[in-house]
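Step one of this worksheet: look at the structure below.
Read the figures in this text as sums done on the coordinates, not as results from a lab. Because the structure is predicted, anything quoted here is derived from the model rather than measured. Ideal geometry is used to build each Cβ from the backbone, glycine not excepted, and the neighbour counts take in all protein chains shown.
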Amino acid sequence: MAQGMKLLPLLMAASLFTFPIQATLLTEAEQTQLKLTVYNQDFAVVEDHRQLSVLNAGEQVQVQNMSPAILPETLRIQNAGQILEQGISRSSLNFLSLLQAYVGETLNVARLNTSTGQETISRVELLSVDGSHALIRREGQIESIPLQTREWRFIFPAELPSNLQGQDSIHFTSAGTEQDSTAILSYLTSGLGWKMDYVMTLDAPGKSLAVEGLASVYNHSGGHFTNAELRLMAGDINAPDQRQPVMMRAMAMNDALGSMPEQAAESVQDFYLYRLPHPVSFQPNETKQLPLIQLADVEATLRYQHHFSIWPALDQQRHQAQADISLVFDAPKLKDQNAPLPAGQARVFRPDRQGEMQFIGAANLRNLATGETAELALGRAFDLNIQRRQTLFSDGFDSVTIQQEVTVTNAGNEGRSLDISVGFQQEWSLRDATHPMKDDGAGKLTGQMHLPAGGSETLRFTVELKKRINR
């Protein structure tokens, strides 16, 4: 019985040769639904639904309006009977292939008189074509005419030859179906991707942040997509490697997405999915910006910080610097849902005293899960000036003692706190300091200075650095 079951597909395939082969063309008019799940890594999952009439055994189907950047190994066809074979037909239509198709046939040829601007049309027989010339028979004579010239042009019939097609297409052969159905074609395509662009507005007190996120979705696949249900997947996902197992995992994930309810951000595996509320169409080489995230009253702080390193050497220089400014905030958790922030470029604005918005800095935001802290480097503070110098250097037997003096001046009209961090290249210990300082657990010495408006403050500390002994 088992052996008979194994032979059944072979018998079915063999029996197909007794049926006349027919071809069914599925154009964009038969498309009933189109879903796109676009990833950050320049690829997308396409799910294309097409109306399909009853198929006879061995009938061939050609599907037009697919993505030219399809990964053929990832194609999966459902609801079209047992698929006996499938593949991708690439466009074979160009000027030379069209000429080759009419070798031995009669065509019209137009010739332009460049002096008078008059054009004459004559009927000729096309004898042969090479890369640059064509041989024709006209009025009992054989002539050679150049192909790359404005003086001569061929005029072709409106209908294309049967062996040429003007666009890429999917083709498959089915063992047949018993009733009309909706075929589902799923595949991965390159050339589609998206990125985030944020506009962040910090309020005048510098305590609250409004976040607006626009998704810039681009189509460089070479094809067009009409009225697509668009989903955007956020997260660092390994790009497809052209192997079938990758597609099967991606397709299983895409099927799971189809049954999920609508919401702002869905957790899928370890990534987040955003569904756009309305259909979106893309023309070739088109980029669209779509509103994706809107958050208000996100708690935020401006952080001023300065980092420097200490080396076990005499340093007689006076170092000057300005404090680095960072905007610090957490990705919020909204009512009944998470509010992750996909990676992207963030541009920050803040109102001046007249209430006009001014640009205060930009930075790249990494993928931020709910509750995670973001720290965006905006620039350097104009009014926080830092001067640093070495005030003690003592070289001992197995250690070096160094004292540093850090003077900070706040020329602004607001009080500010400055975080100080010091890096070392060898084992160290703190001997004394004028301000509270501690080891941050990552090998850095940290402290904080509080500076009133228009004031200045000096921090002094002494550290002992162990010498490295070569054994």
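Miscellaneous remarks
- Extension gain for the segment GLN320 to SER421, taken as residue separation times 0.36 nm less the Cα-Cα distance, is 34.8 nm to one decimal.
- Its Cα centre serving as origin, the stretch 95-155 has a Cβ charge dipole (Lys and Arg +1, Asp and Glu -1) of approximately 100 debye.
- Separation of the ALA343 and ASP439 label points, Cα + 7 Å toward Cβ, nm: 3.3
- Placed amide H near LEU365: partners under 5 Å, 5+ positions off or other chain: GLY344, GLN345, ALA346
- Potential extension, VAL54-GLN41 segment - 0.36 nm per residue separation minus Cα distance: 0.8 nm
- Counting other Cβ atoms within 10 Å as a rough exposure proxy, the listed residues ILE360, ILE136 run ILE360, ILE136 from fewest neighbours to most.
- Between ALA296 and THR409, the simple label model (points 7 Å from Cα in the Cβ direction) yields a spacing of 4.4 nm.
- This ranking places ARG137, ARG350 by how few other beta-carbon atoms lie within 10 Å of each, fewest first, which gives ARG137, ARG350.
- Per-residue Cβ neighbour rank within 10 angstrom, fewest leading, LYS288, LYS35: LYS288, LYS35
- Once the C-beta distance of VAL199 and ALA29 is scaled by a Förster radius of 51 Å, the resulting FRET efficiency is 0.80 to the nearest 0.05.
- Net +/- balance of residues flanking ASP330 in space, Cβ distance below 10 Å, scoring K and R +1, D and E -1: -1
- Net length gained if the chain between GLN354 and ASN108 were fully extended (0.36 nm per residue, minus Cα distance): 81.2 nm
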